[in-house]
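The values are calculated or read from the model by the stated rules, or taken from the named source; none is laboratory data. Just so we're clear, the structure is a prediction, and the values are computed from it rather than from any experiment. Don't worry about glycine lacking a Cβ; one is built from the backbone with ideal geometry, like all the others, and counts go over all protein chains shown. Quick note on the areas: whole protein, heavy atoms, side chains included, nothing else; ligands and nucleic acids left out. Shrake-Rupley method; radii C 1.70, N 1.55, O 1.52, S 1.80 Å.
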There are 2 protein chains.
Amino acid sequence: MKRRAFTARNVLMSSAAMAFALFAGAVYAEEKPADHTDGPAAAYEPSMTTLGQIKVEIPGRKEGDPVMTQEEFQKGTQIYFERCAGCHGVLRKGATGKPLTTDITRENGYEYLQSFITYGSPAGMPNWGTSGDMSEADVDLMARYLLLEPPAPPEFGMPEMLASWKVIVKPEDRPKEKMNDWDIDNLFSTTLRDAGQVALIDGATYEIKTVIDTGYAVHISRISASGRYLFVIGRDAKIVMIDLWMEVPAPVAEIKIGMEARSIETSKFEGWEDKIAIAGAYWPPQYVIMDGDTLEPKKIVSTRGNIYDEQVYHPEPRVAAILASHYKPEFIVNVKETGKIIMVDYTDLKNLKTVEIEAERFLHDGGLDGSKRYFITAANARGKLVVIDTKESKLAAITETGGQTPHPGRGANFTHPVHGPVWATSHLGDESVALIGTDPEGHPDQAWKIVDSFPALGGGSLFIKTHPNSDHLYTDATLNPDAETSGSVAVFTISKMGAADVDPELVTLPIAEWAGIPEGQPRVVQPEFNKDGTEVWFSVWNAKDKESAIVVVDDKTLELKKVIKDPRLVTPTGKFNVFNTRGDVY
Amino acid sequence: MKRRAFTARNVLMSSAAMAFALFAGAVYAEEKPADHTDGPAAAYEPSMTTLGQIKVEIPGRKEGDPVMTQEEFQKGTQIYFERCAGCHGVLRKGATGKPLTTDITRENGYEYLQSFITYGSPAGMPNWGTSGDMSEADVDLMARYLLLEPPAPPEFGMPEMLASWKVIVKPEDRPKEKMNDWDIDNLFSTTLRDAGQVALIDGATYEIKTVIDTGYAVHISRISASGRYLFVIGRDAKIVMIDLWMEVPAPVAEIKIGMEARSIETSKFEGWEDKIAIAGAYWPPQYVIMDGDTLEPKKIVSTRGNIYDEQVYHPEPRVAAILASHYKPEFIVNVKETGKIIMVDYTDLKNLKTVEIEAERFLHDGGLDGSKRYFITAANARGKLVVIDTKESKLAAITETGGQTPHPGRGANFTHPVHGPVWATSHLGDESVALIGTDPEGHPDQAWKIVDSFPALGGGSLFIKTHPNSDHLYTDATLNPDAETSGSVAVFTISKMGAADVDPELVTLPIAEWAGIPEGQPRVVQPEFNKDGTEVWFSVWNAKDKESAIVVVDDKTLELKKVIKDPRLVTPTGKFNVFNTRGDVY
């Protein structure tokens, strides 16, 4: 049986998932059956109904609910958190995945859900059943689970954050100067997803210098403006702050900022370097501003509010990408479900200035253009790019990419021979690469328009990358169902790109084959350049119990330069070159 | 039996309360008893428990819940909305009144609640039982009701607002010039609370020029900067916009912006006169920005978020007072439960700039100082005044008044012979009047400090007032339990005020006695000056089925000038002089 791209994401039982499952368990932990004979019990039976135009949803058991035991519900909650919540939302309101609220699941019914979970869909739903990732019993469980209201997850405010906050090495006890001879600017902070660790790998010698325990499934690494501090955030919302000046770099502070999170960033504006950190949570929907030296939480801001266009309340507007502006002392905060981008001024937290920009729903990731003035970000489930002018703190443009579900990562900036400066995204939902003009002064007619779109290897791409010193544009196809495709990357030569009516030629590099891994379906993910832009690194990401690798390619010759293998390299995904990450070089 | 001040607030069955009660009914409307024999029913029994430090509340029936029928629960919801929600909050999290969440009510128990509702407390809880406002059966019902989780009220977003929005007379069909010979600047827009109306009363002739149907219990009237449009908002969140240029002024637009509301304001900054309106809701907790010509809703902003100091999430941060800045194109929005004041820039709603100022919890009402640069507002349940610099959009000061529960209305500005420019508040919780220095340039040592505090008639004061042309400061004691006190006002002569160690003399005016109303306990509320500051008007507010009046006093002589009586004057409360209201003259 052929395995789909999604299905090899074997997931560690994370502490976040554990807490979430425990919480769900707590809801149903009452052992003693209630006495339903002492009064008009029907009066306490929750229901779903409408009042005028207002839909009224009351959680709880309804007539016709499938029967689940406490243990089953708890297991369902855990599986949902690990497999489903990322796309469908904790409250199941939908985002990258479709909504799964009970009005919808009940209309579709058990059979439909059971079949959909088993076989997936071409629009991106993984085939959890036929892939073997879920047993028949698990699929049955989840189909029943989705017919019930989701448990409401708990809040996570200042008391919880403070309880989780640890300053492991106080600022005054840290080194006054760099104590190692590492070339820290050329380190790659590499997520070891299912191990709950990051590996710091030297960009010249390929040596794993150290492996550091972090939160579960570190989503990104970010570097303080000075280059000294490395911040990582796990999907379980645990942040670890690492001091790269220590003899052996190690955590100096940590905090948990919610139940689930994706983003962390540090202040980059002149005079504010290294001073402030910010992280965004998926649950609770909020961002938190912290001291850049210690991670002390200073201010928590809820993102709960109204969707920008329909203007109805959304209980779960998750914080996706956050970037630090180079033009102002501001963070740029993507709020996914409400489709708002919030410019957060960090100079005066007691009089907090923000600009809430109406953008587009389902904001995801993005990056700055070459001038660093404009932030370009994907509203992925709407197939659009949103452009923010960080100098003016306002919307510059919203443009359809022409492709399905753009997923740029931070995108790729280069100067196109015909169209001038552009920024590129690939797509999750199709094979296309789209280029958007980014030069409103030199090429005003093409600014913020899609100037070209051409096919790469196939759908399922997560990242695209180039470097100012490179003539190549790389894009992966990590989630493509075809093993050969997901194991390869496409390379385009920038200087050979021409007019929009001729698709540029692509070279395919068989990265997974070069890695020489015999077992599993290793998939290639996230091209990342070294500091000088002479090498590009790819993760070859295999199941937790199988061999993975990092493959290094010579950017000039496109030849294999090195395969990094090590027993410690468990499920490597994102790799973040310190220099390129801190300077927004991509 | 002596009636307490609060208890004569006989409340009309409002449409908002009806909708709310209907909603609660809908929750419990399922007639058919659920089948609890088909599985592990205990698994669906909601519970309250903790997960680590996180309190987990699940609505629904708990073991030991008192039994209520659907009809009882519906009636309890209705009574709660009308009598209790204003102080305790829809979700019972507490504000001016104590929290009534089930963790607290269950610890206190039925007997305690029953007794407390019956007899009240000196801290401000009305004696609903002994006053006769609630029957013994009602008190029993409410004590049981409070042991159950509150029903979650529905959202009210753009679809609901648009459905309620009516443009009765389009802007192009309205008069091009003033079509009546009314002195509209000297009208008093007078709330007829329990009639769901306002009366427009001529300030010179005392004639009721017209009576206009509005929402229930109009909380305030506000006037557009040009003086043409009058906006009123009912407690049921219905806004009515009245064109004072029409031959007979009448509504030209209306909208409902939630289930419950208190505040409305219109833009006053130069160049933006009459362009924008804003209203704040108690439920859902949000404010909405509207077109100043038509009330078309443009932007809804949720205020749900974290409490400023504890930084834990609050589900019901209600919008209290809203004022228009004269220094910037901004509205000043008081958010009660989170203790935040939000400066909302109305120039670009798609890139909405706000400054969220950490202030103090339980923000209520307030007004501008004499220079109109500073906004002074009460954090009433914390006994404090918060001062905002509207020129800088930041906090200037937070000061304790020394009294209990300051309730300034818009306050009163005058120049004190010793202390210079001050702003005054009276108190709900005690008899004191506090003066805060408002002249940071001329009297920097006294700026934003309480420079004097002295006794007036007694506790239960709602409003204090003076006028630039008056030498008198008036304060009511509306909610004082003593009938004579609540029927009188205190007058201080400003020019005779001295140093802080000598309390100024007060003159008592027996306003209710002057009104000559034989029945009920008519209480005197809200001094309001005419345009020229030569007369001050008082509402003499009686029960709905009894006679009320407005008493006009000559400000120079302090003698009775006129008693306005009319069968249409049902429960008059707030009166808003057009000129003084639109110019923030108080």
Problem - Angle in degrees between helix A:102-119 and the longest Cα principal axis of chain A, rounded to the nearest 10 - result: 60 degrees
Exercise for the section: Could you give the size of the charge dipole of chain A about its Cα centre, using +1 on the Cβ of each K and R and -1 on the Cβ of each D and E, expressed in debye and rounded to the nearest 20? Expected result: 480 debye
Fill in the blank from the handout: Taking Cα atoms, the helix B:70-79 axis meets the longest principal axis of chain B at an angle in degrees (rounded to 10) of 20 degrees
Handout entry: Extent along principal axes [Cα atoms of the range B:231-378; Å; largest to smallest]
Key = 53, 35, 30
Problem - Pairwise label distance in nanometres, B:Asp291 with B:Thr69, each label 7 Å out on the Cα-Cβ vector - result: 5.0 nm
Exercise for the section: Against the globular-protein guess of 2.2 N^0.38 Å, express the Cα radius of gyration of the range A:478-586 as a ratio, rounded to two decimals. Expected result: 1.12
Handout entry: Cβ-Cβ FRET estimate between B:Glu400 and B:Ser371, R0 fixed at 25 Å, reported to 0.05
Key = 0.60
Practice task
Under 15 Å Cα to Cα from A:Lys166, which aspartates and glutamates show up? Leave out anything in the same chain fewer than 8 places away.
Solution key: A:Asp213, A:Asp243, A:Glu254, A:Asp291, A:Asp293, A:Glu296
Practice task
Can you send over the carbon and sulfur percentage of the accessible area for chain A, probe radius 1.4 Å, protein chains only?
Solution key: 51 percent
Practice task
Alpha carbons only, please: Rg and Dmax for the range A:103-148, in angstrom.
Solution key: 10.0, 29
Fill in the blank from the handout: Accessible-area loss of at least 20 Å² in the complex relative to the chain alone (1.4 Å probe) applies, within the range B:297-327, to B:Lys299, B:Ile300, B:Ser302, B:Arg304, B:Asn306, B:Gln311, B:Val312, B:Tyr313
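Hey, could you get me the Stokes-Einstein D for the range A:455-514, Kirkwood radius over alpha-carbon pairs, 20 °C and 1.002 mPa s, rounded to whole µm² s⁻¹?
Translational D for this selection: 179 µm²/s.
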Practice task
For the range A:116-228, state the average projected area of the convex hull of the C-alpha atoms over all orientations, rounded to one decimal in nm².
Solution key: 12.4 nm²
Handout entry: Amide H contacts under 5 Å for B:Arg318, placed H, 5+ residues apart
Key = B:Lys336, B:Glu337, B:Thr338
Fill in the blank from the handout: The A/B contact buries a total accessible area, at probe radius 1.4 Å and rounded to the nearest 100 Å², of 6200 Å²
Practice task
Could you pull the copy-to-copy label distances for B:Gly402, with points set 7 Å along Cα to Cβ, in nm to one decimal and sorted shortest first?
Solution key: 7.4
Fill in the blank from the handout: Pseudo-spin-label distance B:Glu310 to A:Glu513, built 7 Å along Cα→Cβ, given in nm, is 6.3 nm
Handout entry: A:Gly411 long-range amide H proximity, modeled H, under 5 Å
Key = A:Ile464
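Please work out the FRET efficiency for the pair A:Val502 and A:Ala137, using the Cβ-Cβ distance as r and a Förster radius of 60 Å; give the result to the nearest 0.05.
Working: r = 53 Å, r/R0 = 0.88.
Computed FRET efficiency for A:Val502 and A:Ala137 comes out at 0.70.
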Fill in the blank from the handout: Nearest 10, in degrees from 0 to 90: the angle of helix B:15-27 to the longest Cα principal axis of chain B is 10 degrees
Exercise for the section: Kindly provide log₁₀ I(q)/I(0) values, in the same order as q = 0.28 Å⁻¹, from the Debye equation applied to equal alpha-carbon scatterers of the range A:479-531. Expected result: -1.09
Fill in the blank from the handout: Computed over chain A, the relative contact order (Cα-Cα under 8 Å, seq sep at least six) in percent reads 10 percent
Fill in the blank from the handout: Any aspartates and glutamates whose Cα falls less than 14 Å from that of A:Lys544, other than same-chain ones fewer than 8 residues away, would be A:Asp133, A:Asp194, A:Glu519, A:Asp566
Handout entry: Distance in nm between pseudo-label sites at B:Thr205 and B:Arg174 (7 Å out along the Cβ direction from Cα)
Key = 2.4 nm
Practice task
Could you calculate, for the protein assembly as shown, the ratio of the Cα radius of gyration to the Kirkwood radius, expressed as Rg to Rh?
Solution key: 1.01
Handout entry: Equivalent ellipsoid, the range B:187-257 (semi-axes from 5 times Cα gyration tensor eigenvalues, Å)
Key = 18, 14, 10
Exercise for the section: Run through all the Cα pairs of the range B:334-467 and give the fraction in each 10 Å bin from 0, expressed as whole percent. Expected result: 14, 45, 31, 9, 2
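To the nearest 0.05, how large is the calculated FRET efficiency for A:Leu560 and B:Ala163 if R₀ is 60 Å and r is the Cβ-Cβ distance?
0.40
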Completion exercise
Probe 1.4 Å, heavy atoms of protein chains only: per residue, the accessible area of chain A in Å² is 34 Å²
Completion exercise
Rounded to a whole number, the mean other protein chain Cβ count within 10 angstrom for residues of B:342-351 is 3
Fill in the blank from the handout: Projected convex hull area of the range A:58-198, Cα atoms, direction-averaged, in nm², equals 13.6 nm²
Handout entry: Label spacing, shortest first and in nm, from A:Ala204 to its equivalents in the remaining copies (7 angstrom along Cα→Cβ)
Key = 9.2
Problem - Whole-number D in µm² s⁻¹ for the range A:157-197, Kirkwood Cα-pair radius fed into Stokes-Einstein, 10 °C, 1.306 mPa s - result: 113 µm²/s
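When the helix-only estimate is applied to the protein assembly as shown (DSSP H runs of n ≥ 4, each -39,500 (n - 2.57), divided by the residue count), what is the mean residue ellipticity at 222 nm, nearest 500 deg cm²/dmol?
Estimated from H runs of four or more residues: -3500 deg cm²/dmol.
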Problem - Copy-to-copy label separations for B:Met179, where each label sits 7 Å from Cα toward Cβ, in nm and ascending - result: 8.4
Practice task
Stick to Cα atoms and the Kirkwood definition of Rh, then tell me Rg/Rh for chain A.
Solution key: 0.96
Fill in the blank from the handout: Quarter of the surface of the C-alpha convex hull for the range A:371-417, i.e. direction-averaged projected area in nm², equals 3.8 nm²
Practice task
Could you sort out which of A:Lys391/B:Lys353; B:Lys275/B:Lys391; A:Lys299/B:Lys350; A:Lys93/A:Lys336; B:Lys531/B:Lys556 sit more than 19 Å apart by Cα distance in this structure?
Solution key: B:Lys275/B:Lys391; A:Lys299/B:Lys350
Practice task
Return the sequence-ordered ³J(HN,Hα) values of the range A:361-371 in whole Hz as given by the Karplus equation 6.51 cos²θ - 1.76 cosθ + 1.60 applied to θ = phi - 60°, using x for Gly and Pro.
Solution key: 6, 6, 5, 10, 10, x, x, 8, 6, x, 7
Handout entry: Range in chain A, longest, excluding exposed GluC sites (Glu not before Pro) [loop by DSSP; at most 15 other beta-carbon atoms within 10 Å]
Key = A:64-176
Fill in the blank from the handout: Here D for the range B:251-330, in µm²/s, from Stokes-Einstein with a Kirkwood Rh over Cα pairs at 10 °C and 1.306 mPa s, works out to 118 µm²/s
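State to the nearest 20 debye the size of the charge dipole of the protein assembly as shown about its Cα centre, where the only charges are +1 on K and R beta carbons and -1 on D and E beta carbons.
On the way: 122 positive and 166 negative charges, 107 e Å.
So the magnitude is around 520 debye.
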